[in-house]
Amino acid sequence: MNTPHFYPVGTPGQPWGDNERAAWRARQVVQRSYADDVVAALNALPEAFTVVQYGDLRAGADRYPLLLAMTRDWNPTLPTALVTGGVHGYETSGVHGALQFLQNHASAYAGRVNLIVAPCVCPWGYERIQRWNHDAFDPNRSFRDGGLITESAALMAWIAARNDNLQVHLDLHETTDSDAHEFDPALASRDGKAWVPESIPDGFYVIGNSENPEPDFQKALIAAVAPITHIAPADAQGHLVGLPLQSNGVVWGESRSIGACAGFTDARFATTTEVYPDSPRTSPSECNAAQVAAVCAGLDFALSSLSPP
Ligand SMILES: [Zn+2]
């Protein structure tokens, strides 16, 4: 395309059609393996967890089993917690944080809470380090009733059919520099809108559900992560990603109404974590550890609130 544009695909002011989506898709290259990194890790989990296929993703010529791990010795009298990672497949520490939680920490919660962990909701995006799915839809805007994309709809349907006592949902994300130079321009181009650059928060933060805020729950996550990686300060307007800061590292955002994963259950304690992996002050292993700390702190806070000592 010869039109001067802020993104290599599309025409300014014109939403994408099938040709632009195909041109965008042709630019996406497999860079890592879901089978090696995720499926193999799930299959190597301890006996205390069972691996369940909740969906079957067909993406062009590719096919991915959608998998989660759950407590094998399920006790219906206990609360249930859901952990999701890789809703945005490029957000690496969400996937590996969820897996490391399963490998190293989840067993410690046996007998206190039933766990469901879906570590890589969007495997096509994981393999291509891409925010969207194969059809250029954002999975984290697609958790809606009647949702049209398999990645979101399959998990929603599976959870809904179980009718568990779901009290906690931690959805693990990252905010990255590539949001500013790739994914935000791609979104504006796809929708035929002007691109307005946004600043990327320098550090970890959480987005609590403005439709159901639990301020002390969010604060507990920040307190647990702060010793591991730095917490994002507000920008000059007192905001993080355009949302007013509520307390250190905490903002409220709409979840259910925008189709975000963190809003699709009725869990009282629900949040979106946002690790910042591109700082020279952090490392991939630190980012994974931050996600794990957030999950453990969220579970600990929720369990002590649900059944005080
Ligand atoms: Zn994300």
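The values are calculated or read from the model by the stated rules, or taken from the named source; none is laboratory data. Quantities reported herein were computed from a predicted structural model and do not represent experimental measurements. When we count neighbours, we look across all protein chains shown, and the Cβ atoms used for this are built from the backbone with ideal geometry, even at glycine. Heavy atoms of the whole protein, side chains included, go into the accessibility calculation; ligands, DNA and RNA do not. Shrake-Rupley method; radii C 1.70, N 1.55, O 1.52, S 1.80 Å.
Here are a few things to note about the model shown:
- Selection status of GLY55, surrounded by fewer than 24 Cβ atoms within 10 Å (Cβ to Cβ) and within 30 Å of ALA186 (Cα to Cα): yes
- Number of positions in segment 220-241 that are outside any loop (DSSP other than H, G, I, E, B) and either among the charged types (D, E, K, R) or under 11 Å from ALA294 (Cα atoms) (or both): 6
- Those residues of segment 144-162 which are at pLDDT below 95 and among the charged types (D, E, K, R), in sequence order: ARG144, ASP145
- Every residue from segment 260-286 that is assigned to a loop (DSSP other than H, G, I, E, B), in contact (Cβ under 8 Å) with a residue 60 or more places away in the chain and surrounded by 20 or more Cβ atoms within 10 Å (Cβ to Cβ): ALA260, PHE264, THR265, ALA267, TYR276, PRO277
- Filter result for TYR7 (under 30 Å from TYR276 (Cα atoms), open to solvent by less than 40 Å² (accessible area, probe 1.4 Å), in contact with a Pro (Cβ under 6 Å, 6 or more places away or on another chain) and part of a loop (DSSP other than H, G, I, E, B)): yes
- Filtered by the rule that a residue be buried (at least 23 other Cβ atoms within 10 Å of the Cβ) and more than 13 Å from the ligand (Cβ to nearest atom), segment 79-93 gives THR80, ALA81, LEU82, VAL83.
- Out of ASP216, ASP179, sole residue that is at pLDDT below 95 and either open to solvent by less than 10 Å² (accessible area, probe 1.4 Å) or in a helix (DSSP H, G or I) (or both): ASP179
- With respect to (1) over 22 Å from the mean Cα position of the chain (by Cα); (2) within 16 Å of the ligand (Cβ to nearest atom), the lone exception for HIS96 is condition (1).
- Residue in segment 183-202 that is more than 29 Å from ASN19 (Cβ to Cβ) and open to solvent by less than 60 Å² (accessible area, probe 1.4 Å) present: yes
- Candidate set: segment 242-258, residues that are part of a loop (DSSP other than H, G, I, E, B) and open to solvent by 30 Å² or more (accessible area, probe 1.4 Å); chosen: the one nearest to ARG141 (Cα to Cα): GLU254
- Filtered residues of segment 146-196 (kept if away from the ligand (no atom under 16 Å from the Cβ) and touching a Ser or Thr at 6+ places or on another chain (Cβ under 6 Å)): ASP164, ASN165, LEU166
- Contacts under 6 angstrom Cβ, first residue in segment 3-19 being on the phi > 0 side of the Ramachandran plot, partner at pLDDT 95 or above, 6 or more apart: GLY10/TRP16; GLY10/GLU20; GLY10/SER189; GLY13/GLY192
- Subset of segment 270-295 (residues that are of a type in the set (Gly, Ala, Ser) and either farther than 14 Å from ILE231 by Cβ or within 16 Å of the ligand (Cβ to nearest atom) (or both)): ALA270, SER283, SER285, ALA289, ALA290, ALA294
- In this structure, VAL206 does satisfy being within 16 Å of the ligand (Cβ to nearest atom) and not basic (Lys, Arg).
- Criterion: in contact (Cβ under 8 Å) with a residue 60 or more places away in the chain, among the β-branched types (Val, Ile, Thr) and farther than 23 Å from VAL29 by Cα - qualifying residue of VAL113, VAL87, VAL121: VAL113
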